[in-house]
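So the structure is just underneath, and the comments pick up after that.
Read-outs throughout are calculated quantities, based only on the coordinates presented, and are distinct from any laboratory measurement. From a predicted model like this one, the values you see are computed outputs, not experimental measurements. Note that we place each Cβ from the backbone using ideal geometry, even for glycine, and neighbour counts take in every protein chain shown.
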Amino acid sequence: MSVIKTPATTSNFRRKQMVKIVIVGDSTASIKEPSARPETGWGEKISRYLPQHQIVNLAKNGRSSKSFIEEGRLLQAEKELHAGDYLLIQFGHNDQKTDSRGTTPVEYQHNLATYVQTARQQQATPILLTSITRLHYVDQQQLDPLAVGPYPEAMRALATSLDVVCLDLFAATQRFFSALKPQQAKTYFLHLEKNQHPNYPSGITDNTHLNNQGATAVAKLVAKCLTNAPLPLAQQVLLD
């Protein structure tokens, strides 16, 4: 019996053959609800630079490296991963919290090691990403080098000890936004005047979360970082 592939079945077949890039992390990467727009996660924009890959964005608002595991979300990611896939891991902003989500740098490293081990057990490649910077200034122009506390450095150290590729997105975003005047940098974040957007009638000043322009810019920084990574994926990134 012969099987005729329709365009739909051919598309499904190709999608199944595509290497997956699974993203786990927090609100800076996650897919947003319509009620949150124009807030946008960089994970929503990364497919532009990786068109040959299937992007599975499991990042979730408000999650830390700890709470993501506790809620069973890492198990969900594990089910998505197969040999040859990639797991992009970005946490830190909510690990800073003083509530139950918070972690010490040592606990943070322990949690990250669990993500790395999970990927490797599935014969997938883990990639660590330090958190994007918050738009916190120590003076009129200089961004706070500890805008995400000790967590970027803790991740770098863990990456070295476990021989994991680490994309230093914290450093990349600090350079990017430091090159802009503060008023210009704010246009990449969720800054809205009163009545400027129906989702935020009272306005909002948010120096952590990105808007569409910011998410697009950060996704491009992720892509640029990937081109320098010692991975086959580096050759498959398409930059503008």
Practice item. Using per-residue counts of other Cβ atoms within 10 Å, averaged over each peptide, order 88-97, 203-212, 223-232 from highest down. Key: 88-97, 203-212, 223-232
Point to revise | Pairwise Lys count, the stretch 18-236 - Cα closer than 19 Å, eight or more residues apart or different chains | key: 17
Check your understanding: What ranking do TYR200, TYR115 get, fewest neighbouring Cβ atoms within 10 angstrom at the top?
Key -> TYR200, TYR115
Exercise for review: Provide the percentage of antiparallel DSSP beta bridges, counting only those with both residues in the chain; round to the nearest 5.
Suggested key: 25 percent
Check your understanding: When you count, for each residue, the other Cβ atoms within 10 Å and take the mean per peptide, how do 158-169, 121-132 rank with the highest first?
Key -> 121-132, 158-169
Check your understanding: Among 33-44, 180-191, what's the highest-first ranking by average C-beta atoms within 10 angstrom per residue?
Key -> 33-44, 180-191
Practice item. Can you tell me the relative contact order of the chain? Whole percent, Cα pairs under 8 Å, sequence separation 6 or more. Key: 21 percent
Revision key, fill the gap. The alpha-carbon center of the stretch 188-215 and that of the stretch 64-108 are separated, in whole Å, by 26 Å
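Given only helices, namely DSSP H runs of n ≥ 4 each adding -39500 (n - 2.57), what is the per-residue ellipticity at 222 nm of the chain, to the nearest 500 deg cm²/dmol?
For the chain, the value works out to -10500 deg cm²/dmol.
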Check your understanding: So what's the Cα pair-distance distribution over the chain, bin width 10 Å, in %?
Key -> 7, 31, 36, 18, 6, 1, 0, 0
